[in-house]
Amino acid sequence: MPWHATLALDYRSSAGPAGSRRTVAHFRHDGPLRILQSLYPEGDGICHNVLVHPPGGLVGGDVLDIRIDVGAGAHGLATTPGASRFYRSDGERALQHSRIAVGEGGRFEWLPLEALCFDGCLAENRLEFTLAPGAQLIGWDMTALGLPHAGQPFRRGSLLQHIEWPGVWLERGRIAADDARLLDGPLGLAGHRCLASVFLASGTPLGREAREQALDAARAVIDAHGLRATAGATSPDGRIVVVRALAPVVEPAMQLMKQVRAAWREACWQLPATAPRIWAM
């Protein structure tokens, strides 16, 4: 029987001692989707959470519906303990739908680990977000097609990938396992089986200096990385900067995305490159 799991995660900022601010997370869930205890490795102002899906993957007909609301002035961070998995389907699609809204002056970091598309899956992975004036978001998406390390290529099935900031930015594409021109052609994935993007989005247009600072920080990371030939940084709109990369497997792409996120934190937010604790486990 398919699972339909929902999670609503709300971050709110409140006054702390001596004029400080504290971000607190509240959540409601239905079905096998929840968060672990809130952590504060950077102090009270930034709340870290880990999203957990106990079944460990999605099969045909399963739906994960994630809604995140970040209040004015709050700063939240969400990651996952492991990869999301889209397993083989007998005909129905599996859907993960994440919606994020960040209030005025808020910040959010959307840092789930990679999505693995198993052979035969029918997967749809959707991310939609909105940003109020002064709000900012650092987010990423990483997808691996098949399991190269296990000798299980992506030969059947499809993935529909959708990332949208309504009215500002839209990336939508369908990857079918039998589309050899897309998967292996020089104008497509060129034989790579991992595609990754990380982006910095701002509810208030970034000034020229801020955009160049974000681009320069990302390009410095790319130039020093082994994926420099298949990665690049662009700014398709005055409110967003994007880094995209192709890799044969997940690990180098994940390393690059983590380094770009750290560089943007330091250059654009004047924050240290603090990683979620679960990444070290």
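Observations, loosely collected:
- Residue match in the range 1-16 (condition: within 18 Å of the chain's Cα centre (by Cα), within 22 Å of residue 128 (Cβ to Cβ), small (Gly, Ala, Ser) and open to solvent by less than 40 Å² (accessible area, probe 1.4 Å)): yes
- Residue within the range 106-119 that is part of a strand (DSSP E or B), within 22 Å of residue 62 (Cα to Cα) and open to solvent by 30 Å² or more (accessible area, probe 1.4 Å) present: no
- Single residue of the range 232-242 satisfying the filter (open to solvent by less than 40 Å² (accessible area, probe 1.4 Å) and of a type in the set (Val, Ile, Thr)) that is nearest to residue 111 (Cα to Cα): 242
- Some residue of the range 259-272 being open to solvent by less than 10 Å² (accessible area, probe 1.4 Å) and either in contact with an Asp or Glu (Cβ under 7 Å, 6 or more places away or on another chain) or of a type in the set (A, V, I, L, M) (or both): yes
- Qualifying residue in the range 125-135 (condition: part of a strand (DSSP E or B), open to solvent by less than 40 Å² (accessible area, probe 1.4 Å) and hydroxyl-bearing (Ser, Thr, Tyr)): no
- Members of the range 150-179 found to be among the small types (Gly, Ala, Ser), part of a strand (DSSP E or B) and closer than 19 Å to residue 58 by Cβ, listed by number: 158, 176
- Looking at 187, 182, 195, just one residue is hydrophobic (A, V, I, L, M, F, W, C), at negative phi, at pLDDT below 95 and open to solvent by 20 Å² or more (accessible area, probe 1.4 Å), and that residue is 187.
- Residue 63 under 26 Å from residue 164 (Cα atoms), β-branched (Val, Ile, Thr) and open to solvent by less than 30 Å² (accessible area, probe 1.4 Å): no
Condition check ((1) among the polar types (S, T, N, Q); (2) surrounded by fewer than 19 Cβ atoms within 10 Å (Cβ to Cβ); (3) free of Cβ contacts under 8 Å to residues at least 60 places away in the same chain) across all residues:
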{"residue": "25", "(1), (2), (3)": "no, no, yes"}
{"residue": "29", "(1), (2), (3)": "no, yes, yes"}
{"residue": "37", "(1), (2), (3)": "yes, yes, yes"}
{"residue": "42", "(1), (2), (3)": "no, yes, no"}
{"residue": "70", "(1), (2), (3)": "no, no, no"}
{"residue": "74", "(1), (2), (3)": "no, no, no"}
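- When we screen 267, 263, 214, 201 for residues that are in contact with a Cys (Cβ under 7 Å, 6 or more places away or on another chain) and modelled with pLDDT of 95 or more, the only hit is 214.
- Residue count, the range 88-105 (criterion: in a loop (DSSP other than H, G, I, E, B) and buried (at least 21 other Cβ atoms within 10 Å of the Cβ)): 2
- Identity of the residue in the range 243-258, assigned to a helix (DSSP H, G or I) and of a type outside the set (S, T, N, Q), that ends up most open to solvent (accessible area, probe 1.4 Å): 251
- Enumeration of residues in the range 222-257 that are touching a Phe, Trp or Tyr at 6+ places or on another chain (Cβ under 8 Å) and either among the β-branched types (Val, Ile, Thr) or free of Cβ contacts under 8 Å to residues at least 60 places away in the same chain (or both): 240, 241, 242, 243
- Residue list for the range 190-214, filter: of a type outside the set (S, T, N, Q), under 20 Å from the mean Cα position of the chain (by Cα) and more than 25 Å from residue 73 (Cα to Cα): 192, 193, 194, 195, 196
The values are calculated or read from the model by the stated rules, or taken from the named source; none is laboratory data. These numbers were taken from a predicted model, which means no experiment stands behind them. Because the Cβ atoms are built from the backbone with ideal geometry, glycine has one as well, and the counts that use them run over all protein chains shown. Only protein heavy atoms, including side chains, enter the accessible area calculation; ligands, DNA and RNA are left aside. Shrake-Rupley method; radii C 1.70, N 1.55, O 1.52, S 1.80 Å.
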